[in-house]
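A.B. asks: Would you mind keeping the following structure in view while I ask a few things?
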Amino acid sequence: MELENDRQWLEGYRRGDGRALEHVYRHYSPRVLRVLARQNVGPLDLDAAHQETFIRAFSETARLHFDGLQPFERYLFAIARRAAIDVLRAHGKLHHEALPLDETAAAGQVPSEHDTPEQAALRAETVATVRAFLSTLRDDELQFATARFIDGLSQEQAGARVGWSRQNARTREARLKVACLAFLRERGWSTTTAAARTALTAAVLSLFAAGGV
Amino acid sequence: MLFFDSHVDAALPELARGGMSGRRLRRVLAHAKACHRCAPLYQRAVHTLRQLETGSPFEPAQVELDAIVEMNAQEVLKKAAPPPAPRAWLWAPLAAGALVAAAVFYLPRLHESDALEARGGPAGLVALRVFCGGAGQPLKELREADECESGRTLAFAAGAVAEGQSVALVVSGDAVVTVEVAEPVTAPVGAEAPVKLTVELRRRGSAVVTAAFASDVEQAKSAARGLPAGDGVSVVRRTVRVGR
């Protein structure tokens, strides 16, 4: 159930009722975080942008400004985008004179599904790292990881596929993630290797060339 | 940066396993943001965990979502809460309650405020906190009677009520090689920020820590060195016993 479809919840939100606001916070937080992460907000700025979004959304002006007709999610995401820009500017990661896309004319129609060159390079690098990590796993672990992370099964279902109990699957998944970090560390995780750096540079250059920049 | 936090690589497995508390994540993030070495490391680890779990470095993993939602909940909801409306009929019992509370807590509080005076500077306008730490061990704040063992390290935090203050710190005594540092004070009293100085305790004896706070850094340095100080300088002095 969304906020705009629940009259009581909506009125509570408009009044600033604590329980209604907490419900909004818990219900919409994961979606807001996903939107922010896709908006070029890095892992180190995500918490600040998320907090700023909800502080703004819970201000009296924002509560009373919501008409209750449009989807609340869209209203909240607009607040999130602006909060993200302000947080990035405040942290010196976005130039103060840079204009947010949604403030330019007809920017709403600009498709933003394609990665920027930096995003594409980062994606290529992490894909390569995870593939290399997966290649070090035993058969049952790989089968579990595939079921869990690629096929999107629950822990229990993914565990059942390889004959692990629910508890066992939970423990193994946690170990798998910790092993992934250990793998990163072994490869020198704080700095990319010379080969990776070269690949990264090549990827960025090819994307620039393809875009005619 | 909170220098008494462990580096980010020590906290990442905890984040990956899930169940990291909001408070713990706040400390880890605060450290990562301020630590030159840790920031790229944290980002790289988070991107990789995201890729593993969600198939995209731009799609937060469930453990990350849970930790951030938990971390920000209190702050967001506290700020959103409207101030309580005053109710006239509550005033009489509230006033009576306040009188009783004052009578009950007056004497114990006197003792507490003495302790704060000792830790802070003149009239509570400035504060200096001294910590004892060692490799792989948690930092412990030193009170007046506490001692720190030789071979360990002293660390400091400072705060001032007034803005634009600088603190000059001189550490001397038979247990240390005399060192001094001066830097702007970035935090208020009650939320003191680390001073970029650590001092190794070389042998048994004592270390005298002198902190001078002033709006002019040169004035603060002079006062910390024991030279005559003008108006507007606050000096806090602590002697740390160094054992074993």
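The values are calculated or read from the model by the stated rules, or taken from the named source; none is laboratory data. A quick note: this is a predicted structure, and the numbers were derived from the prediction, not measured. Here Cβ is always computed from backbone atoms with ideal geometry, including for glycine, and neighbour counts include all displayed protein chains.
A.B. asks: Hey, does the range A:55-75 have a residue that's within 14 Å of chain B (Cβ to nearest Cβ) and polar (S, T, N, Q)?
C.D. replies: Looking for residues that are within 14 Å of chain B (Cβ to nearest Cβ) and polar (S, T, N, Q), one finds at least one in the range A:55-75, hence yes.
A.B. asks: Mind telling me which of the residues A:Leu153, A:Leu142, A:Leu122, A:Leu137 ends up being within 26 Å of the chain's Cα centre (by Cα), within 13 Å of chain B (Cβ to nearest Cβ), outside any helix (DSSP H, G or I) and at pLDDT 85 or above? Working first, answer last.
C.D. replies: Values: A:Leu142 fails: outside any helix (DSSP H, G or I); A:Leu122 fails: outside any helix (DSSP H, G or I); A:Leu137 fails: within 26 Å of the chain's Cα centre (by Cα).
Within the list A:Leu153, A:Leu142, A:Leu122, A:Leu137, the selection yields A:Leu153.
A.B. asks: Which of (1) surrounded by 15 or more Cβ atoms within 10 Å (Cβ to Cβ); (2) farther than 19 Å from A:Asn168 by Cα is the odd one out, the single condition A:Ser135 does not satisfy?
C.D. replies: All conditions are met except number (1).
A.B. asks: Starting from the range B:22-48, take each residue that is closer than 17 Å to A:Ala37 by Cα and list its partners that are among the basic types (Lys, Arg) and surrounded by fewer than 21 Cβ atoms within 10 Å (Cβ to Cβ), counting only C-beta distances under 8 angstrom and pairs at least six apart or across chains.
C.D. replies: Going by the 8 Å Cβ cut-off, the qualifying pairs are B:Ala39/B:Lys33.
A.B. asks: Working only within the range A:1-15, note down all residues that are outside any helix (DSSP H, G or I) and not acidic (Asp, Glu). Break it down stepwise before answering.
C.D. replies: First pass over the range A:1-15, keeping only residues outside any helix (DSSP H, G or I): A:1-2, A:6.
Result: A:Met1, single match.
A.B. asks: Since A:Thr129 meets every condition but one in (1) hydroxyl-bearing (Ser, Thr, Tyr); (2) farther than 16 Å from B:His47 by Cα; (3) within 12 Å of another protein chain (Cβ to nearest Cβ), which condition does it not meet?
C.D. replies: Evaluating A:Thr129 over (1) hydroxyl-bearing (Ser, Thr, Tyr); (2) farther than 16 Å from B:His47 by Cα; (3) within 12 Å of another protein chain (Cβ to nearest Cβ) leaves (2) as the failure.
A.B. asks: Sticking with this structure for a sec: Can you name the helices (runs of 4 or more DSSP H) wholly within the range B:1-54 that have at least 1 residues being more than 16 Å from A:Lys177 (Cβ to Cβ) and either more than 9 Å from chain A (Cβ to nearest Cβ) or modelled with pLDDT of 80 or more (or both)?
C.D. replies: Working: elements: B:8-17, B:22-34, B:38-54.
Ranges flagged: B:22-34, B:38-54.
A.B. asks: Among what's in the range B:55-105 and is surrounded by 11 or more Cβ atoms within 10 Å (Cβ to Cβ) and charged (D, E, K, R), pick the residue that is modelled with the lowest pLDDT.
C.D. replies: In this case the residue turns out to be B:Lys79.
A.B. asks: To continue, here is another question. Which of the residues that make up the range B:201-221 are hydroxyl-bearing (Ser, Thr, Tyr) and either free of Cβ contacts under 8 Å to residues at least 24 places away in the same chain or in a loop (DSSP other than H, G, I, E, B) (or both)?
C.D. replies: Going residue by residue through the range B:201-221, those that are hydroxyl-bearing (Ser, Thr, Tyr) are B:206, B:210, B:215.
B:Ser215 - this is the single residue of the range B:201-221 that is hydroxyl-bearing (Ser, Thr, Tyr) and either free of Cβ contacts under 8 Å to residues at least 24 places away in the same chain or in a loop (DSSP other than H, G, I, E, B) (or both).
A.B. asks: Name the residue, out of B:Thr198, B:Thr186, that is closer than 28 Å to B:His31 by Cβ, surrounded by 14 or more Cβ atoms within 10 Å (Cβ to Cβ) and without any contact (Cβ under 8 Å) to a residue 24 or more places away in the chain. Quick ask: steps written out before the conclusion?
C.D. replies: Working: B:Thr198 fails: without any contact (Cβ under 8 Å) to a residue 24 or more places away in the chain.
Selected residue: B:Thr186, the only one of B:Thr198, B:Thr186 that is closer than 28 Å to B:His31 by Cβ, surrounded by 14 or more Cβ atoms within 10 Å (Cβ to Cβ) and without any contact (Cβ under 8 Å) to a residue 24 or more places away in the chain.
A.B. asks: Taking the range A:111-153, which residues are touching a Lys or Arg at 6+ places or on another chain (Cβ under 8 Å), in contact (Cβ under 8 Å) with a residue 12 or more places away in the chain and among the polar types (S, T, N, Q)?
C.D. replies: Once the filter is applied, which keeps residues that are touching a Lys or Arg at 6+ places or on another chain (Cβ under 8 Å), in contact (Cβ under 8 Å) with a residue 12 or more places away in the chain and among the polar types (S, T, N, Q), the range A:111-153 yields A:Thr129, A:Gln143.
A.B. asks: Taking the range B:125-159 as the region of interest, how many residues are touching a Phe, Trp or Tyr at 6+ places or on another chain (Cβ under 9 Å) and either touching a residue at least 60 places away in the same chain (Cβ under 8 Å) or outside any strand (DSSP E or B) (or both)? Explain how you work it out, then say what you get.
C.D. replies: Taking the range B:125-159 and keeping what is touching a Phe, Trp or Tyr at 6+ places or on another chain (Cβ under 9 Å), we get B:125-126, B:128-131, B:133, B:138-142, B:148, B:153-158.
Those still in the list that are either touching a residue at least 60 places away in the same chain (Cβ under 8 Å) or outside any strand (DSSP E or B) (or both) too: B:125-126, B:128-131, B:133, B:138-139, B:142, B:148, B:154-155.
Residues meeting the conditions: 13.
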